[in-house]
Structures are given as structure tokens and as C-alpha cells.
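Read through the structure below, which is laid out as C-alpha cells, and then see the notes.
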Amino acid sequence: MSLFTGALPLVPPAGTAATQQDKGPNVVALGGGHGLSASLSALRLLTSELTAIVTVADDGGSSGRLRDEYGVLPPGDLRMALSALCDDTDWGRTWRDVMQHRFRPGKGPGGSLDDHATGNLLIVTLWELLGDAVAGLRWAGALLGARGQVLPMSTEPLTIEGDVRVTAPDGTSQLQTIQGQARCAVAGSLEQVRLLPEAAPACAEALTAIELADWVILGPGSWYTSVLPHLLLPEMRQALCHTPAKRCLTMNLATDTKETSGMTAADHLHVLRRYAPEFSVDVVLADPASVPDRQEFEKAAAMIGAEVVLGKVGASGRRPVHDPLRLATAYNDIFGNS
């Protein structure tokens, strides 16, 4: 185990990076989990005017426990977004590791901290002290020296509900309703997805950020549980459809997953078209390896008004994860060409 030595570093002053170089475009990134973290890790290299808008429907693990026990927003995806915005300095790396640290089961029986992430506990603490979800996230961001801000998509916890086709005992096929992000994420093939409560309010600060943005980035991420929810929330969908900002959709590297079994990259675009036919996109960014049928994909992209940009954005190795530097290069080219 390595130990930190030397004087405790000072918190980086707000705006330091921006005074040393151009602030860059005003960018809003939407999503959740590892997908949003990937886009934020890339975008923070390009701009200091960065806002993350995060799904708040998680009901599993540490987030689910805190949500159930305290009635708060699930903090996990918000924590991951804050961690991704930490600068690559001693201060940023240290606080990123602190936020992501997860307590292992102790030697005693049934420890209440088991499997909780430190950052989740810190965020919930700030919410209890301040009584305001947005203010709590701003304080957390200031502590971390985060490059940008993190906002929830809604100020109340949301629930994802979906219908899956199952085989009945008599051999017939029928739809079964399942509830919760954790269950929907491994459902295999969802035929219908809903967000509950249907008329939940969107975060006002998030709507303002979308209106003022130069670019809106949607994806990558779990398609039904991290990307699509932003278009299922009525106020958020309206803001995304009417913003004067340009819109970029970042595709996943793996399309045939536990959540999207049997789906192609083109099928992913058809899903967005089905749930939000009024939503259009300027650019769809995809890694060539994830688009085996390029003609079909370009045809689907044209249906939502998008130009297809293909670029190697995946990391080297077997795992389908985005490389921050490659993704940043692709975004920089897209922003420049606009």
C-alpha cells in the first residue's frame, strides 16, 4: 500500500485552468455510470465549461441502499461523474480515489459500511446538511477541484420500468413487467420502457445548462437505463429537442449486451427514434468496429438527421471501453468541424 508524503496540497483555485488556456465550448454531457464517466474524462481535456447531467434511477448496490434508507437520490452515478471531472493533479487523483473507495466487509458481523463507496456517503452527508441536492453536488465538486459541474436529471428519485417477453408455462409468449434499473439492465431484450413517476420534474439547473450549451453529448452508456431516460423525462426531452446547441450521439463499443441482446448499432438509433421521434442529432460518433453494417447504420442515422463520424475511440485490449484521449481527439475534431 502506497503512502502519501509531503505537504497537503492546496485546493486548485476555481478557474485556474481557464486562465491558462481558452475555456473551450460550453458542453453538456448526459448519461450515467461508466459511459458518462468515459465521455467526461475526454471532455474535461477540451473545455472547462462542462456540465454533466446524470440519471437518478439506480436502485442497486450502495446507491440503492442509501436511496431506500434515506429517501435520497441514488448518489452512485453522480459520484462517478464527479470523480471523472477531477484534474490529473495530486489533489485531483487523491480525491478521485477517496470518492471511489469502497468499504470491504470488515471482520465483525454485518458491518453497516460494507460495500458503501466513500463518495456516496459524502454526497448524502452534504445533502442532509444543506437540504439541497444541487448545492450538495456543487460543494462536493469544489472539494474535489472538479473541472465542471454535476447535476441530477431530476430532483427526485426515478424508477425505470420495462416489459420483457417471456415464455409462459403453456408455451405461449407473453409480456412481463419488471421494475428497477438493476433488473432492466440484465433483462436481455426490453420491448417497452417507462420512467416513473411519468411527470417527475427535471432539474431546473439542468434545463438551463442544456439551453445555454454549444454542444450536447448523449451517450455512451447502457442504452435503456442510462441514455434513453433523458428522452423519457418530458421536460428534459423538450429541452433536448429545442436547444440551439448542436447534438452529438456517442455510440457504445458493444451493442449486443445483457440489456440490448441481439441489437445492432442501427437498432440503437431506431430505439431513440421510436421513443422521441421529434429528437434530432447533428453527429453520430461510432467506432468502426462496432458498426459491421455501415450502410444500414448510416441509413438509421439519416432518420434522426445525423451525419456519421467513424473513428477509433476504443481502448486497446479486449474490454469494450472508450479511451479518453482517442475520444477527446474525436470530439475535438467534431467541435472544430462545426
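By DSSP, the beta bridges lying fully in the chain are antiparallel in about 40 percent of cases.
Highest-first packing order for the peptide set 46-54, 203-211, 149-157 is 46-54, 149-157, 203-211, based on the mean count of other beta carbon atoms within 10 Å.
Highest GNM mean-square fluctuation among 93, 274, 318, for the chain modelled with Cα contacts below 10 Å: 318. Overall, the chain carries a charge dipole of about 660 debye about its Cα centre when +1 sits on the Cβ of Lys and Arg and -1 on the Cβ of Asp and Glu, all other atoms neutral. Considering only 73, 202, 105, and ranking their Cα positions along the charge dipole of the chain that arises from unit charges at the beta-carbon of Lys, Arg, Asp and Glu, the one farthest toward the positive end is 105. If amide H atoms are built 1.01 Å from N in the plane of the peptide, which residues on other chains or at least 5 residues away come under 5 Å of the amide H of residue 321? The list, which skips near neighbours in sequence, is 315. Ranked by the mean number of other Cβ atoms within 10 Å per residue, highest first, peptides 74-82, 303-311 order as 74-82, 303-311.
Among 151, 129, 119, pick out the residue whose Cα is farthest towards the positive end of the charge dipole of the chain, where Lys and Arg carry +1 and Asp and Glu carry -1 on C-beta, about the Cα centre. Result: 119, furthest along the dipole toward the positive end.
For the charge dipole of the range 230-280, defined by +1 on Lys and Arg C-beta atoms and -1 on Asp and Glu C-beta atoms about the Cα centroid, which residue among 234, 271, 245 has the Cα displaced farthest towards the positive pole? Sorting the options by dipole projection puts first 245.
Per-residue Karplus couplings for the range 43-52, computed as 6.51 cos²θ - 1.76 cosθ + 1.60 with θ equal to phi - 60°, are listed in order as 5, 5, 7, 10, 8, 9, 9, 10, 10, 9 Hz, Gly and Pro entered as x. Close amide H partners of residue 149, meaning residues 5 or more places away or on another chain with modelled amide H under 5 Å apart, are 50, 51, 52. What you get for the range 233-299, charging only the Cβ of Lys and Arg (+1) and of Asp and Glu (-1), is a dipole of about 180 debye around the Cα centre.
Expressed as a whole number of Å, what is the distance separating the alpha-carbon centroids of the range 226-265 and the range 280-304? The two parts, judged by their Cα centres, are 13 Å apart. With a ≥ b ≥ c taken as the square roots of the eigenvalues of the C-alpha gyration tensor of the range 182-268, please select rounded if a/c is under 1.5 and otherwise prolate if a/b is larger than b/c or oblate if it is not? Since a/c reaches 1.5 but b/c is at least a/b, the shape of the range 182-268 is classed as oblate. With the convex hull of its Cα atoms as the shape, the range 30-182 has an orientation-averaged projected area of 11.8 nm². Proximity of backbone amide H atoms, modeled 1.01 Å from N, is registered between residue 247 and 216, 282, 283 at under 5 Å, excluding neighbours fewer than 5 places apart on the same chain. Taking every alpha-carbon pair within the range 219-266, the share separated by more than 12 Å comes to 67 percent. Applying the Karplus relation 6.51 cos²θ - 1.76 cosθ + 1.60 with θ = phi - 60° to the range 192-202 yields 3J(HN,Hα) values of 8, 10, 9, 10, 10, x, 4, 9, 4, x, 7 Hz, where x marks Gly and Pro.
Net charge dipole, the range 185-338: roughly 300 debye, given to the nearest 20, about the Cα centre with Cβ charges of +1 for Lys and Arg and -1 for Asp and Glu. Of the two radii for the chain, the radius of gyration is 0.97 times the Kirkwood radius, both from the alpha carbons; that is the Rg over Rh value. Relative protection proxy for 118-125, 190-197, from highest mean packing down: 118-125, 190-197 (other beta-carbon atoms within 10 angstrom). Centroid-to-centroid, using Cα positions, the range 174-203 and the range 29-107 are 22 Å apart.
Take every pair of alpha-carbon atoms less than 8 Å apart whose residues are at least six positions apart; their mean separation over the length of the chain yields a relative contact order of 17 percent.
The numbers here are math on the coordinates, done by the rules we state, and not lab data. Everything quoted here is computed from the prediction, not taken from an experiment. Don't worry about glycine lacking a Cβ; one is built from the backbone with ideal geometry, like all the others, and counts go over all protein chains shown.
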